[in-house]
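The values are calculated or read from the model by the stated rules, or taken from the named source; none is laboratory data. From a predicted model like this one, the values you see are computed outputs, not experimental measurements. Positions of Cβ are generated from backbone atoms using ideal geometry, with glycine treated the same way; all protein chains shown enter the neighbour counts.
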Amino acid sequence: MSRVFVKEKDEQWLHDILPSTDALINYLTSENNNIRVYLLNRYVDSLTKREVYHMSNGLSYTVDQNKVWIVIGSL
């Protein structure tokens with residue numbers, strides 16, 4: 001008897017996403033049941049000198065020294 005295995009969804013993680021705003025928006029939107037997530041505010045953190053992206057999902061993100069996205073908190 002033959003069995004077929006079907007993968008429901010390829011798992012993708014935040015750290016796998018390209019370090020671009022468009023890639024972040026697409027990823028967050030897909031993780032939000034395809035309800036659009038958009039950029040609310042972008043600024044440079046005075047301590048880390050990194051760009052911080054505050055998104056409509058309530059979280060803030062930045063790209064770390066390894067060029068991968070990380071969550072840095074919520075406002």
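Which numbered condition trips up Tyr27, out of (1) modelled with pLDDT under 95; (2) aromatic (Phe, Trp, Tyr); (3) under 16 Å from Ile70 (Cβ atoms)?
(1)
List every residue pair whose Cβ atoms lie under 8 Å apart, where the two residues are 6 or more positions apart in sequence or sit on different chains, the first residue falls within the range 51-75 and is at pLDDT 95 or above and part of a strand (DSSP E or B), and the second residue, located anywhere, is of a type in the set (A, V, I, L, M) and exposed (fewer than 13 other Cβ atoms within 10 Å of the Cβ).
Glu51/Val44; Val52/Val44; His54/Leu75; Leu59/Val71; Ser60/Val71; Ser60/Leu75; Tyr61/Val71
List pairs: first residue in the range 32-48 and on the phi < 0 side of the Ramachandran plot, second residue among the polar types (S, T, N, Q) and assigned to a strand (DSSP E or B) anywhere in the structure, Cβ distance under 8 angstrom, at least six positions apart or on different chains.
Partner pairs satisfying both residue conditions: Asp45/Thr62; Thr48/Thr62.
Would you mind stating whether Leu47 is in a loop (DSSP other than H, G, I, E, B) and either modelled with pLDDT of 95 or more or surrounded by 12 or more Cβ atoms within 10 Å (Cβ to Cβ) (or both)?
Values: in a loop (DSSP other than H, G, I, E, B): yes; either modelled with pLDDT of 95 or more or surrounded by 12 or more Cβ atoms within 10 Å (Cβ to Cβ) (or both): no.
Here the answer is no, as Leu47 does not meet what is asked.
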